[in-house]
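To keep things clear, I will list the structure first and then write my remarks on it.
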């Protein structure tokens, strides 16, 4: 597995070695030793989530200000543009965003550590999205930053207006949102 730190070095892109032939393919989707070596941290994933979304759905930018969640995310069907935003006030990359294409075809995974907001936009007809989290979902601590906050400079590959949940349509601009100290 190849691990590449992105423009925000704590966010790591994992690209597996895929072994394929006329029968199909095989790849190792998670290896604790490799993950810990690439991220420099111990992993303790406590929850796995699976969602399916239609083309044009934008989910995020979500985070939990308490019970912060690190997320290891991947797509098993379809394609998304996946985004992480650094919300650690003392970080030199505070308020910066990185985005990558994750798809069933490229089999990439993205590590989004605690202290980041996370979101994705579905670019295919639909996408199935899986992620491991380092803490449990706690709706009482959940926050949402506006996906279209211009201060974040996210270049979403939109095809028309995105489809948002009620919660996501109420996201706050970064300047008004609680962040990690």
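Odds and ends about this structure:
- Peptides ranked, highest mean first, by Cβ atoms within 10 Å: ranges 8-21, 69-82: 69-82, 8-21
- When its C-alpha radius of gyration is set against 2.2 N^0.38 Å (N residues), the chain gives a value of 1.00.
- Compactness of segment 22-128, taken as the C-alpha radius of gyration over 2.2 N^0.38 Å, stands at 1.13.
- Relative counts (whole %) of C-alpha pair distances in segment 1-57, using bins that are 10 Å wide: 17, 35, 37, 10
- Computed Rg/Rh of segment 31-82, alpha carbon atoms with Kirkwood Rh: 1.00
- Relative intensity, log₁₀ I(q)/I(0), of segment 105-160 from a Debye sum that treats every alpha carbon as a point, q = 0.15 Å⁻¹: -0.63
- Per-residue ellipticity at 222 nm computed for the chain from its helices equals -1500 deg cm²/dmol, with DSSP H segments shorter than 4 residues left out and the rest contributing -39,500 (n - 2.57).
- Relative to the current alpha-carbon distance between residue 166 and residue 77, full extension at 0.36 nm per residue lengthens the span by 29.5 nm.
- Gap separating the Cα centres of segment 124-163 and segment 61-113, nearest whole Å: 9 Å
- With the convex hull of its Cα atoms as the shape, segment 65-162 has an orientation-averaged projected area of 6.6 nm².
- A Gaussian network model of the chain, with springs between Cα atoms under 10 Å, assigns the largest mean-square fluctuation among 84, 38, 117 to 38.
- Extension gain from residue 17 to residue 96, taking 0.36 nm per residue of separation minus the Cα-Cα distance: 25.5 nm
FYI, it's all coordinate maths here, none of it is from the lab. Just so you know, these numbers come straight off a predicted model, no measurement behind them. All Cβ positions, glycine included, derive from the backbone under ideal geometry; neighbour counts span all protein chains shown.
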